[in-house]
Amino acid sequence: MADPRDEMLKAMAAHRGLKLIRSRRRKPGGDFGRYGLTDAKTGQDCFGIGKEGLEATPEEIEDYLRRGAKADWKRSLGAAGTAAAKAKPKSKRRAAPPEPEPRTRRAPEPEPEPEPDLVVREAKAADADALALLLGLPATQVKPALRHLIQAAEPPLVAELGGVIGCVAWHLIPTLQKGRVGRITLLRVANDVRRRGVGTSLVEAVEARLAGRGCALVEAVSEIDLDNAHGFFRRLGYERSGHLFSKPAAAD
């Protein structure tokens with residue numbers, strides 16, 4: 001049976017265009033149980049591979065992949081800011097002549113506030129109001145539903161950046177024909193932060209959660225609220241596998 005942690009690391013590596021390598025050589029002084037990463041297209045060594053073989057522990061591999069995801073997030077924020085600055089129309093007024101340099105020294109400019117880090121975490125009962133606002137639903141509907149999911153050990157994951165800006169909900173389904181199947185039942189990102197990697201970070205986090213729960217297959221329902229949702233999931237390696245039929249349940 002595959003190690004759930006290996007499956008989680010493979011999924012994280014694949015989303016970054018990398019391939020997870022694990023040594024299985026059981027010789028004295030060898031690298032059994034060690035890992036490394038190579039480029040999935042070129043096969044070039046990227047991390048944890050030395051002259052004597054594989055060198056990295058599972059924890060070091062996970063830390064390397066998460067640091068890379070965080071770096072991509074910060075770069076996407078910077079790129080969005082640069083694009084907005086370039087799109088701003090230039091004023092036709094002539095620039096005013098420069099002011100003469102004051103004789104007294106100016107106080108040093110304050111250090112800019114550091115950019116906050118994107119945090120993906122389990123939702124708590126206290127997040128109900130923020131989730132209701134994000135989803136456009138009444139808080140009276142969201143609060144009991146969130147409480148039920150937390151009690152069922154299937155808490156949604158939220159993306160936080162100075163406040164809740166995204167959410168992914170999931171469900172574990174035992175099946176006869178496919179074993180345990182993980183299903184992404186909802187993915188929502190606030191309109192003003194879309195196309196900045198928030199949705200990808202949420203999906204990667206929930207895939208790791210489902211792999212750790214023994215899922216060999218992850219599904220996503222078609223009514224995910226994202227621009228070009230089908231293209232988004234195809235970029236993450238998902239393929240169309242069928243149709244979803246539904247109808248209201250019969251009343252008692």
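Quick one: check the C-alpha center-to-center distance for the range 183-204 versus the range 29-61, whole angstrom. First find each Cα centre; the distance between them is then 31 Å.
Around the amide H of L186, modelled in the peptide plane, lie the amide H atoms of A169, all under 5 Å away and 5 or more residues distant in sequence or on another chain. The gain in end-to-end length when the D3 to N191 segment is fully stretched comes to 63.9 nm, 0.36 nm per residue minus the alpha carbon separation. In terms of the mean number of neighbouring beta-carbon atoms within 10 Å, the peptides 8-20, 54-66, 198-210, 174-186 order highest first as 198-210, 8-20, 54-66, 174-186.
With r as the distance between the Cβ atoms of R75 and H243 and R0 = 35 Å, compute the FRET efficiency 1/(1 + (r/R0)^6) and round to 0.05.
Values: r = 38 Å, r/R0 = 1.08.
So, using R0 = 35 Å, E works out to roughly 0.40.
Each peptide in 138-151, 36-49 receives the mean, over its residues, of other Cβ atoms within 10 Å, and ordering these scores from highest gives 36-49, 138-151. Distance between the modelled labels on D45 and T175, one decimal in nanometres: 4.1 nm (7 Å Cα→Cβ projection).
The alpha carbon gyration tensor of the range 167-252 gives principal lengths a ≥ b ≥ c with a/c of 1.5 or higher and a/b no greater than b/c, which makes the shape oblate. Tell me whether the range 184-226 comes out rounded, prolate or oblate; compute the Cα gyration tensor, take square roots of the eigenvalues as a ≥ b ≥ c, and use a/c under 1.5 as the rounded threshold. The shape class here is oblate. Here the calculated FRET efficiency for H230 and L137, from their Cβ-Cβ distance with R0 = 25 Å, stands at 0.55, rounded to the nearest 0.05.
Each reported figure results from applying straightforward, stated rules to the coordinates on display, with no laboratory input. From a predicted model like this one, the values you see are computed outputs, not experimental measurements. So basically every Cβ, Gly included, is an ideal-geometry build from the backbone, and we count neighbours across all protein chains shown.
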